[in-house]
1. Let me check something: with ligands and nucleic acids excluded, how do F113, F89 order by accessible area (1.4 Å probe), largest to smallest?
2. State the Kirkwood hydrodynamic radius of the chain in Å, one decimal place, computed from all pairs of distinct Cα atoms.
3. Around Y36, under 15 Å between beta carbons, what's the net of Lys plus Arg minus Asp minus Glu among the other residues?
4. Which one of L109, L121, L58 has the biggest mean-square fluctuation once the chain is modelled by GNM with Cα springs under 10 Å?
5. Hey, got the Cα dimensions of segment 81-144 along the principal axes, in Å, largest first?
6. Keeping every protein chain in place, order H66, H134 by accessible area at 1.4 Å, biggest value first, i.e. largest first.
7. Quick one: how many Å² of S16 are accessible to a 1.4 Å probe, rounded to 10?
8. Of the cross-linked pairs K26/K135; K26/K142; K94/K118; K71/K94; K9/K142; K9/K135, which ones have a Cα-Cα span greater than 29 Å in the structure shown?
Amino acid sequence: RRFESTLPKLCNMMISVQQEVQKNGKIYTAFGRPLYIPRSHSYMGVNYLIQGTAAEMLKRAQVRVHDFLRKDTSDEVRLLLPIHDEIIFEFPRKRLGEAPAIVKNIIHLMTDFPGRFKVPLLADVSIATVDWAHKTKWEGWKVA
């Protein structure tokens, strides 16, 4: 009851997605891709919707960012690896001075999906110079 009173819109979304799956056997991501779900497993609809939309966002972001880096950095700053909801980049030391502006553009490309979402999308940035285990949050891009 506390969940329902605290997040009524989320509860309504869960119910409406479940009803849509029961009726049609599918739901559509925020980008319009159908996700087919057995009607008997309609409770899985919200997870499909969230995970499917997130996957599409990351894939679209990867393409947009890759194209930007190839064009604007002559492929010197590279997209190395996507991991779940993260994208790992490599900056050569000679381009670190440009990092704030480049990262600001990357964040824009990763979070700007006009007309798709009612809430702003955010991204965190971390930096590591030795290995991924020693990364730290980086706010330096906000000064660009």
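1. Numbers: F113 20, F89 55 Å².
From most accessible down to least: F89, F113.
2. Working: mean 1/r = 0.0568 Å⁻¹.
One decimal place: 17.6 Å for the Kirkwood radius.
3. Details: positive: K23, K26, R33, R39; negative: E20.
Charge balance in the 15 Å sphere: +3.
4. L121
5. 38, 26, 17
6. Values: H66 70, H134 130 Å².
The ranking, largest first, comes out as H134, H66.
7. 60 Å²
8. Values: K26/K135 40 Å; K26/K142 41 Å; K94/K118 39 Å; K71/K94 17 Å; K9/K142 32 Å; K9/K135 36 Å.
Over 29 Å apart, Cα to Cα: K26/K135; K26/K142; K94/K118; K9/K142; K9/K135.
The values are calculated or read from the model by the stated rules, or taken from the named source; none is laboratory data. Just so it is clear, the structure is predicted and the values come from calculations on it, not from any experiment. Virtual Cβ from ideal backbone geometry, glycine too; neighbours counted across all protein chains shown. Calculation scope for accessible area: heavy atoms of the full protein, side chains included, ligands and nucleic acids excluded. Shrake-Rupley method; radii C 1.70, N 1.55, O 1.52, S 1.80 Å.
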